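The values are calculated or read from the model by the stated rules, or taken from the named source; none is laboratory data. Only a predicted model underlies this, so the values are computations on that prediction, with no experimental measurement involved. Note: ideal-geometry Cβ built from the backbone for every residue, glycine included; neighbour counts use all protein chains shown. Heads up: the accessible areas ignore ligands, DNA and RNA and are worked out on the full protein's heavy atoms, side chains in. Shrake-Rupley method; radii C 1.70, N 1.55, O 1.52, S 1.80 Å.
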Amino acid sequence: GKWHMGVNCKSRRDHCHHPLNHGFDYFYGMPFTLLNECQGTDDPELAKSLQDTYWLYTQTIILAVLTLLIGKLTKLLSVKWKIIICLAICSLLYFISWFSSYGFTKYWNCVLMRNHDITEQPMNLEKTTSNMLKEAVSFIERNKHRPFLLFVSLLHVHTPLVTTEKFQGRSRHGLYGDNVEEMDWMVGRLLDAIDKEGLKNTTFVYFASDHGGSLEAHRGNAQLGGWNGIYKGGKGMGGWEGGIRVPGIVRWPGVLPAGTVINEPTSLMDIFPTVVHLAGGTVPRDRVIDGRTLLPLLQGTVQHSGHEFMFHYCGVFLHAVRWHQKDSGTIWKAHYATPVFQPEASGACFERGICPCFGDGVTHHDPPLLFDLSQDPSEANPLSAGTEPLFDAVMRRIGEAVEEHRKTLTPVPQQLSPDNNIWKPWLQPCCGTFPFCWCDEENSKA
């Protein structure tokens, strides 16, 4: 499925970020993420506001060149041809430099790989669902006689909501609902494959989302990014519940009782130590591991999550901290920074398309906004020293936890720096001779 961690570091074929260089034995899927551009729609998703700015600058430069050209031809302006030609060449190079990054996104970024080989460039989205499903089922069949880890990162329930014709119109909730229905069917097929091979009672299955609904994803009045119910905010907002509170569903019939509901805060970082535990290994001891194995909580040997504090980041910026107070069961959450919604009361960053993590796009709170999630899960009523007798004590304890947490952090290069997010031709995965990167090995093999 969707890897979304990139591929190369210094050359087109070093594959330093590839799954096979990070512990996986087999890979089939997208090395990047799924964008509207992959479907070839007129609704670009990648850096939309930045593209609009680049296009405005391009039009301004073209207008300047045309003005000089007309002025020269009509003898209204005394300007050398050399200046006009140089300006025209510069404007062309400027246009090529940014349009090569965004205008060809479908061909550069919408790539399907099997291990180290590109099989489709660009991807054929009409066949991606069946291809992903076939690969996952085949993996189960190939590895049924030995322990295996199958990680399926579905492309579904993510814009552009690629849905096969069979499921279009199936839901009462538009295209998003159709896409959820198809994802549900895919998960069912995977579970059927496990059951068919007699692995039902010996296979631990964990299903979850990586974040809440993307409120900014919409087309007209149609909501394309999901709905977060009573919870405030959404995807990419750092700390609001709507972006980080997701359900986790576990199936292990031979070990875990069905129908159990556990209301304890856990983290997707818990998957790593849980899998290590299941495999009989030990987690690394030379660093701080933020995850906790889920098995004691799932098996009922403990009543509370191993997480007393959870730290919610937006990029490298700490936006919020959650404190699960074990003695009282109260869940406090302090927001140090929150995104500035546009429009103000909209609950999302519609004008920007995505909420920023820093700068004028966020509000810093001193003292932090404090909520009692056990009483106010919608984060509608911030507490203060005047309304909450424990305010100062809670903020002091959370502050101490933040200081302890920061001591465990190691500085790393900024992954989302501008330099790391501009297109680099020498790193571009290509199945042919660059820049002619078009291939369809899937159909050729079929």
**Computed magnitude of the charge dipole of the range 215-279 (debye, nearest 20; Cβ of K, R +1, Cβ of D, E -1)** = 200
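Counting Lys and Arg as +1 and Asp and Glu as -1, each charge on the Cβ, what is the dipole of the chain about the Cα centre in debye, to the nearest 20?
1200
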**Asked** Taking only pairs that are 8 or more places apart or on different chains, how many Lys pairs in the range 99-228 have Cα atoms under 24 angstrom apart?
**Response** 9
**Message:** Run the reach check for K82 against lysines, Cα to Cα strictly under 18 Å, same-chain hits fewer than 8 apart removed. What comes back?
**Reply:** K72
**Request:** Would you mind telling me the antiparallel percentage of the DSSP bridges in the chain, rounded to 5?
**Result:** 95
**Request:** Add +1 for every Lys or Arg and -1 for every Asp or Glu among the other residues with Cβ under 13 Å from the Cβ of Q375, and state the total.
**Result:** -3
**Asked** Which of the helices in the chain, when you take each full DSSP H run, stretch at least 15 Å along the axis at their Cα atoms and have an average Kyte-Doolittle score of 1.0 or higher?
**Response** 81-102
**Asked** Taking +1 at the Cβ of each Lys and Arg and -1 at the Cβ of each Asp and Glu, which of N124, C355, G315 sits farthest along the dipole of the chain towards its positive end, judged by Cα position relative to the Cα centre?
**Response** N124
**Item:** (1) 176; (2) 132; (3) 209, with the label sought being that of the calculated volume of the Cα convex hull per residue in Å³
**Value:** (3)
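Where only protein heavy atoms count, and the probe is 1.4 Å, what is the accessible area per residue for the chain in Å²?
58
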**Prompt:** Over the range 346-446, what relative contact order in percent results from Cα pairs under 8 Å that are six or more residues apart?
**Reply:** 9
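Tell me the net charge near L68. Cut-off is 13 Å between Cβ atoms, L68 excluded, with +1 for each Lys or Arg and -1 for each Asp or Glu.
Its environment carries a net charge of +4.
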**Prompt:** Among the Cys residues of the chain, which have no other cysteine Cβ under 4.7 angstrom away?
**Reply:** C86, C90
**Prompt:** Taking the Cβ of H304 as the center, what net charge do the other residues with Cβ under 13 Å away carry, scoring Lys and Arg +1 and Asp and Glu -1?
**Reply:** -1
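Taking the Cα centre of the range 326-433 as origin, work out the dipole magnitude from +1 charges on Lys and Arg Cβ and -1 charges on Asp and Glu Cβ, in debye rounded to 20. Let's see the in-between values first.
Numbers: 8 positive and 14 negative charges, 98 e Å.
Here the range 326-433 has a charge dipole of around 460 debye.
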**Asked** Looking only at L77, L416, L34, which one moves most when the chain is put into a Gaussian network model with springs between Cα atoms under 10 Å?
**Response** L77
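Counting only protein heavy atoms and using a 1.4 Å probe, what share of the accessible area of the chain belongs to carbon plus sulfur, as a whole percent?
58
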**Relative contact order (%) - the chain, alpha-carbon pairs under 8 angstrom, separation at least six** = 14
